[in-house]
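Here the structure is laid out as structure tokens; the discussion comes afterwards.
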Amino acid sequence: MNTYPSIKEIYEQRRFDNRIKHEERIAHVYSICPALKECDKKLSILTIEQTMKNIQGNSSSPDSSYSEAVNQLNDERERLIEEYKLPKDYLEDIFTCKDCRDQGFIDGVRCHCYISLSARMLFQNSPIRRRMEQENFSNFDFSCYSDNVSKEYGISPRENIRRVYDSAKQFISGFPDGTNMLLHGATGVGKTFLTNCIAKDLMDLGHTVSYLTATQFFEVLADHSFHRASPETEDMYNYIVQSELLIIDDLGTELNNEFVATSLFNCMNVRALQMKSTIISTNLSIKQIEQKYSKRIASRIIEQYNIFPIFGSDIRLKNTRTPNNP
């Protein structure tokens, strides 16, 4: 999907709406304070007169009388604004993003608002968005987990998932604080469901979340690294770098090679230095992560991540069973 025409239209609409809002604001203030309108009119006339002098070569710089008149009018303007209890910047141009002034770029570089908007538009059309409509905390069902104690873990799957659930809620309440999570367990035990719950809550709170499967994540990194990224992919890469939370789902399902291991370690390092959180879900144990990637990656996870095993029977199989389909 080409996001550029629609993004361009959004910025054009922002500028148009803010210009109309600014004009309506000025008209309202002038209607209740004609003296302020007269001040602005005199300032405009003085500026035009001085500009004409400069064009005609009669003056290379404003004379003292011009500067004095402008200062007096500005002082009177400030007095009137204060008298009518208006914010000091009330009559200034209005921008949705003051950093780029609703242009989307700053010195040729995409503004943070452009990157965020682009990612949101990509997210709106992604299957993950539709999944989150169902996979959220309001639909979390503890009864999907057995209350029989596991010999391996010493607690039941249900008691364990309640602990993980509470930790996920704490992660959200403390966000953003640079905390990281690793969820590991067999296929179908609810790792992805839980990461979707966390992602939805944080996005509803206005935080930036980048959510990709491991395959998608490394494809974006490879496209950027080897200069073969499309505009959409490059936007996604920038969003991954800047997002407050990065979720890598199903680590270990991607095609493994030296680039993957190096990229994963570098990504973990950079985000840790920036105090930006990462959540990884995987079928792999820590020992298997060490074998598949490297010892230093496994060590970094142990040092910097809160590790939560999730165990039990396959929830997806349970949910597909019916009386006619046991």
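Worth pointing out:
- Database remark: amide H of ASN306 closer than 5 angstrom to the amide H of ASN180, MET181, LEU182 (H placed geometrically; neighbours at sequence offset of 5 or more, or on other chains; Pro and chain starts carry no H).
- Segment 68-223: proportion of alpha-carbon pairs further apart than 26 angstrom, %: 53
- Calculated FRET value between SER44 and LYS98, using beta carbons and R₀ = 25 Å, to 0.05: 0.55
- Projected onto its three principal axes, the C-alpha set of segment 138-233 covers 52, 29, 24 Å, listed from the longest axis down.
- Accessible surface comparison of LYS98, LYS191, probe 1.4 Å, protein chains only, largest first: the order is LYS98, LYS191.
- Relative pair counts by distance (%), Cα atoms of segment 142-181, 5 Å bins: 6, 23, 23, 16, 14, 11, 7, 0
- Accessible area of the chain belonging to carbon and sulfur atoms, whole % at 1.4 Å probe: 50
- Label-point gap, in nm, between LEU273 and SER64 - each point 7 angstrom along Cα→Cβ: 5.7
- Exposure check, 1.4 Å probe, all protein chains in place: PHE105 carries approximately 90 Å² of accessible surface.
- Of the residues TYR114, SER44, ASN266, the one whose Cα sits farthest toward the positive end of the charge dipole of the chain, with +1 on the Cβ of Lys and Arg and -1 on the Cβ of Asp and Glu, is ASN266.
- Rg(Cα) / (2.2 N^0.38 Å) computed for the chain, rounded to two decimals: 1.43
- Counting only residues at least eight positions apart within a chain, or on another chain, the aspartates and glutamates with an alpha carbon under 13 Å from that of LYS98 are ASP89.
- Efficiency of FRET between ASP141 and ILE307 - r from beta-carbon atoms, R0 25 angstrom, step 0.05: 0.55
- With a Förster radius of 45 Å applied to the C-beta separation of ASP17 and ARG296, the computed FRET efficiency comes to 0.30.
- Computed label-point distance, nm, for sites ARG131 and GLN56 using a 7 Å Cα→Cβ extension: 7.2
- Here segment 146-276 is assigned +1 on the Cβ of each Lys and Arg and -1 on the Cβ of each Asp and Glu. Its dipole about the Cα centre then comes out at about 460 debye.
- Residue-wise HN-Hα coupling along segment 194-200, computed from phi with Karplus coefficients 6.51, -1.76, 1.60 (Hz; x: Gly, Pro): 5, 5, 5, 4, 5, 4, 5
- Checked against a 27 Å cut-off, the cross-linked pairs LYS53/LYS88; LYS42/LYS85; LYS151/LYS276; LYS191/LYS287; LYS37/LYS88 give Cα-Cα distances beyond that limit for LYS53/LYS88; LYS151/LYS276.
- Folded to 0 to 90 degrees: helix 214-225 orientation relative to the chain principal axis, Cα: 50
- When THR179, THR51 are compared by accessible area of protein heavy atoms, the largest-first order is THR51, THR179, using a 1.4 Å probe.
- Restricting attention to the chain, close to 15% of DSSP beta bridges with both partner residues there are antiparallel.
The values are calculated or read from the model by the stated rules, or taken from the named source; none is laboratory data. Computed from a predicted model, the values in this text were never measured in an experiment. Neighbour counts are summed over all protein chains in view; Cβ atoms, including those assigned to glycine, are modelled from backbone coordinates with ideal geometry. Heads up: the accessible areas ignore ligands, DNA and RNA and are worked out on the full protein's heavy atoms, side chains in. Shrake-Rupley method; radii C 1.70, N 1.55, O 1.52, S 1.80 Å.
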